[in-house]
Amino acid sequence: MSIDLTGAQWFKSSRSSPSQDCVEVAHLDGGMVGMRDSKDPTGPALVFTPGEWDAFTAGVVDGELDHP
């Protein structure tokens with residue numbers, strides 16, 4: 001599946017500071033969510049379905065993605 005991201009409005013968390021490397025997120029058509037590296041705004045982006053995004057963010061909150 002190919003999603004056109006040219007008109008996406010990307011944003012960082014309000015908890016991000018300008019000097020830190022962050023991810024940016026965009027709400028896309030159809031409830032899809034885009035995520036990209038703020039250091040490389042023209043680079044690749046991940047695109048999640050609404051269910052995938054919910055599972056991803058729940059995993060982050062639950063610590064499933066923390067390094068051991």
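The values are calculated or read from the model by the stated rules, or taken from the named source; none is laboratory data. Quick caveat, the model's predicted, so the values are computed rather than measured. Positions of Cβ are generated from backbone atoms using ideal geometry, with glycine treated the same way; all protein chains shown enter the neighbour counts. Surface accessibility is based on the protein's heavy atoms, side chains included, excluding ligands, DNA and RNA. Shrake-Rupley method; radii C 1.70, N 1.55, O 1.52, S 1.80 Å.
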Return the equivalent ellipsoid semi-axes of the chain as a descending list in whole Å, where each equals the square root of 5 times an eigenvalue of the C-alpha gyration tensor.
20, 17, 10
Phe11 - accessible surface, heavy atoms, 1.4 Å probe, Å² rounded to 10
90 Å²
Rounded to one decimal in nm, the spacing of the 7 Å Cα→Cβ label points at Phe56 and Ser17 is 2.6 nm
